[in-house]
Amino acid sequence: MAPKRAFITGITGQDGSYLAELLLAKGYEVHGLVRRSSSLNRGRIDHLRLDEHLPEARLFLHYGDMEDASSLSNILQDVRPDEVYNLAAQSHVRVSFEIAEYTADVTGLGALRLLEAVRRTVPGARYYQASSSEMFGGVQANAQDENTPYHPRSPYAVAKVYAHWQTVNYREAYGMHASNGILFNHESPRRGEGFVTRKISRGAARIKLGIQDKLYLGNLDAKRDWGFAGDYVEAMWLMLQQEEPDDYVVATGKAHSVREFLEGAFSCVDLDYRDFVEIDPKYYRPSEVDFLQGNPAKAKRVLGWEPRVSFSELVRMMVESDLAQARREVALQAHEQIN
């Protein structure tokens, strides 16, 4: 029996790499979309790759772009996937204010192009759309669930709302098995260095080893529902194993402030963050989102999904990974000085 075949956009990102790992472990043949650029950005998936010409290879990469509908259709026509996971986006919220049109094109219209390509080429494939807790934005609610109205407060969030409703529309208009995962903040050692959690874990490690003196941040009082990305990709997969498509909030149900993340990270290296952190107004958003906390009751009830990694475990995992990386950097510098 031939293995199931999955197609992942955003495969070189944090979530894409964890999802590819999960699917390969389940015996899938995995295909991923990558953009052509002058430098390769595949560090998160290099450990998964074999020469694509080897008979045991099950991970294949295809050049294409979320701005190019024809490339999406051509790849789907060739791959004929059973499952399609759309994780591609310009996903940095603050940066989306600076490149609003590009964010709308890739994050919003990109999802529409992919949905249409799926409908035309592989209408029987099951489709997952990566929605975001940022869609709730300015909503005043103790915990957001699938019925909470949206109030997006950034170009990124607006684009995600558009992609979310297009997914619902394709499900209802064409009978596609299309589901939205409304994921709250999920982090890992593979998180991009421009995101606040990774800035903190990396900063704590580098300050501890004397590579860095200060860490500059914005709003320390913003609260988020933070979980581990490796846990959250399992929820993505579970959605596409259901008989009927639907939308699910994926979260821990607990909120912590940026300040709490700081305290936890610096305590891992026996330092007080207040001695090293300074506030820089440039890191504030034009419109702030102060509080996001998800209610994952439906995901637990229907999917049987629950997060495994706690907030404190997540913080420690990230700091320890960045400490190891910083130590390698120190060792390399010492070696270069000797030679």
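The values are calculated or read from the model by the stated rules, or taken from the named source; none is laboratory data. On a predicted model such as this, the values are computed, not experimentally measured, just so you know. Here the Cβ positions follow ideal geometry from the backbone for every residue, glycine too, while neighbour counts run over all protein chains shown. Please note that ligands, DNA and RNA were not included when accessible areas were found on the heavy atoms of the full protein model with its side chains. Shrake-Rupley method; radii C 1.70, N 1.55, O 1.52, S 1.80 Å.
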What tally of residues in region 96-134 results from selecting those that are closer than 13 Å to Ala178 by Cα, open to solvent by less than 20 Å² (accessible area, probe 1.4 Å) and of a type in the set (Asp, Glu)? 0
Picking from Gly192, Gly210, the residue that is surrounded by fewer than 20 Cβ atoms within 10 Å (Cβ to Cβ), farther than 19 Å from Leu303 by Cβ, of a type in the set (Gly, Ala, Ser) and in contact with a helix residue (DSSP H, G or I) (Cβ under 7 Å, 6 or more places away or on another chain) would be Gly192
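Starting from residues that are of a type in the set (A, V, I, L, M) and surrounded by 24 or more Cβ atoms within 10 Å (Cβ to Cβ), keep the ones in region 155-182 and report whichever is nearest to Ala297 (Cα to Cα).
Ile182
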Return the pairs, sorted by first residue and then second, in which the second residue is open to solvent by 40 Å² or more (accessible area, probe 1.4 Å), the first residue lies in region 99-115 and is closer than 13 Å to Asp65 by Cβ, the beta carbons are less than 6 Å apart, and the residues are 6+ apart or on different chains. Asp105/Glu67; Arg113/Ala69
Take the residues of region 67-91 that are under 25 Å from His186 (Cα atoms) and either under 16 Å from the mean Cα position of the chain (by Cα) or open to solvent by 10 Å² or more (accessible area, probe 1.4 Å) (or both): which is modelled with the lowest pLDDT? Ser91
Of the residues Gly264, Gly294, Gly253, only one is of a type in the set (Gly, Ala, Ser), over 27 Å from Gln129 (Cα atoms) and touching a residue at least 24 places away in the same chain (Cβ under 8 Å); which? Gly264
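Just to be sure I understand, how many residues within region 160-197 are of a type in the set (Gly, Ala, Ser) and part of a helix (DSSP H, G or I)?
The total comes to 2.
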Within region 134-159, take every residue that is assigned to a loop (DSSP other than H, G, I, E, B) and touching a strand residue (DSSP E or B) at 6+ places or on another chain (Cβ under 7 Å) and give me the one that is nearest to Gly108 (Cα to Cα). Phe136
Hey, any hits in region 88-100 for a residue that's touching a Leu at 6+ places or on another chain (Cβ under 7 Å) and not in a helix (DSSP H, G or I)? yes
Could you tell me which numbered condition Glu306 fails, if it satisfies all but one of (1) in contact with a helix residue (DSSP H, G or I) (Cβ under 8 Å, 6 or more places away or on another chain); (2) loosely packed, with under 15 Cβ neighbours inside 10 Å; (3) part of a helix (DSSP H, G or I)? (3)
Just checking, how many residues over region 188-201 are touching a residue at least 60 places away in the same chain (Cβ under 8 Å) and farther than 13 Å from Val277 by Cα? 9
Out of Leu220, Leu238, which single residue is surrounded by fewer than 18 Cβ atoms within 10 Å (Cβ to Cβ) and among the hydrophobic types (A, V, I, L, M, F, W, C)? Leu220
Please verify whether region 135-149 includes one or more residues that are more than 21 Å from Arg224 (Cα to Cα) and open to solvent by 30 Å² or more (accessible area, probe 1.4 Å). no
What are the pairs with Cβ atoms under 8 angstrom where one residue, in region 233-245, is within 18 Å of Phe184 (Cβ to Cβ) and in contact (Cβ under 8 Å) with a residue 40 or more places away in the chain and the other, located anywhere, is open to solvent by less than 40 Å² (accessible area, probe 1.4 Å) and among the hydroxyl-bearing types (Ser, Thr, Tyr)? Sequence gap at least six, or different chains. Val233/Tyr18; Ala235/Tyr248; Met236/Tyr85; Met236/Tyr128; Met239/Tyr128; Met239/Ser179; Met239/Tyr248
